[in-house]
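FYI, it's all coordinate maths here, none of it is from the lab. Being a predicted model, the structure only gives us computed values, none of them experimental. For neighbour counting, all protein chains shown are included, and Cβ atoms are generated from backbone atoms with ideal geometry for every residue, glycine included.
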Amino acid sequence: MAGHSAWKNIKRRKNAVDKKRGKVWTKIAKAIIVAARHGGPDPASNLTLRYAIDEARYANMPRDTIERSIKKGAGEKDGAGYESVRYEGYGPGGVAIIADTLTDNRTRTVTFLREALGKYGGNLGNAGCVAYLFDHRGRIVVRAAGWTEERVMEAAITAGAADVEPPDDPNDQDAFYTILTDIPTFQSVKESLEAAELAIEEAELAMVPQTRTTLRGENAIQAADLIEAIEDIDDVQKVYTNLDIPDDELRDPPR
């Protein structure tokens, strides 16, 4: 029975991963559809579409799904009227939260956001209430994968990166480096890193916090649950926060 129990646990984890991946793909597909509808199906002349396609690639979305989404967007001139709306608010401990959405019903979106925030000790704020705590920058996440910290830093600087955030343990080959760029140089830096054969896991234009708010204990748990709940809302495309939870808070408690 132990083997059966282990298989059940593996299957449960796999189902959770598959569900998460499916949700991510759905959000990216929506972004591709909207980008193609508003800017045309050619990524060479539609930067928003190009960035969405790149995000799909990094998320391992099947090529045919990407192409179908582009065709759907290009052919749906009278489709659902999605609009991009940003919401801002606060979580437990005063952490700042930004939720970027694509919605065809603002009332529905606000209702879901208020429910999530209310459940986990947060509240929705006015436009601009926390945005000033963030900078709009290019954000590229790369895996160490055989690269020393010195080589990653050198490649990033050569590519024109503005800043590099190393992992806590640079010797961990599964660790990630976060490379930040100015908006105008985002694409060229990304292409340079790809040419250098760095393993890019994520690349996006993001709201990057200027400083972090560290939480522990119950506040940390509530804040993490809140971020996950907001990410699970179908209308929400991206969530940005200045939340920082120390590694020792993320470890499973002893049984």
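Remark: the chain carries a charge dipole of roughly 1280 debye about the Cα centre, counting +1 on each Lys and Arg Cβ and -1 on each Asp and Glu Cβ. Amide H contacts under 5 Å for Asp163: Leu180, restricted to partners 5 or more places along the chain or on a different chain, H placed in the peptide plane at 1.01 Å from N. Here r is the Cβ-Cβ distance between Ser84 and Arg63 and R0 is 22 Å; the resulting FRET efficiency, rounded to 0.05, is 0.30. For the range 131-148, the Karplus equation 6.51 cos²θ - 1.76 cosθ + 1.60, evaluated at θ = phi - 60°, returns couplings of 4, 5, 8, 10, 10, 7, 9, x, 10, 10, 9, 10, 8, 4, 5, x, 9, 7 Hz by residue, with Gly and Pro reported as x. Picking from Tyr58, His136, Thr158, whose Cα lies most toward the positive end of the charge dipole for the chain (charges on Cβ: Lys, Arg +1; Asp, Glu -1)? Projecting each Cα onto the dipole axis, the largest value belongs to Tyr58.
Taking 8 Å as the Cα distance limit and 6 or more residues as the minimum spacing, I'd like the relative contact order of the chain as a percentage. Display every interim value, and only then the final one.
Working: 396 pairs, mean separation 51.0, N = 255.
About 20 percent, as a whole number.
Summing charges over neighbours of Arg216, with a neighbour being any other residue whose Cβ is under 11 Å away from its Cβ, gives -4 when K and R count +1 and D and E count -1. Seen through its C-alpha gyration tensor, with square-root eigenvalues sorted a ≥ b ≥ c, the range 134-228 comes out oblate because a/c lies at 1.5 or above while a/b is not bigger than b/c. Within the listed set Pro41, Pro170, Pro92, the Gaussian network model of the chain (springs between alpha-carbon atoms below 10 Å) gives the highest mean-square fluctuation for Pro170. Go through the range 53-132 and name the trypsin sites (Lys or Arg not before Pro) that are in a DSSP coil and have 16 or fewer other Cβ atoms within 10 Å of their Cβ. Within the range 53-132, the qualifying trypsin sites (Lys or Arg not before Pro) (loop, at most 16 other Cβ atoms within 10 Å) are Lys77. Summing Cβ point charges (Lys, Arg +1; Asp, Glu -1) relative to the Cα centre of the range 191-248 gives a dipole of roughly 400 debye. Quick check: from the Cα gyration tensor, does the range 82-255 come out rounded (a/c under 1.5), prolate or oblate? It is oblate, given that a/c is not under 1.5 and a/b is not larger than b/c. Our helix-only sum for the chain, with -39,500 (n - 2.57) per DSSP H run of n ≥ 4 divided by its residues, gives a mean residue ellipticity at 222 nm of -15000 deg cm²/dmol. Ordered by the count of other Cβ atoms within 10 Å of each Cβ, fewest first, Thr103, Thr211, Thr158, Thr185 give Thr211, Thr158, Thr185, Thr103.
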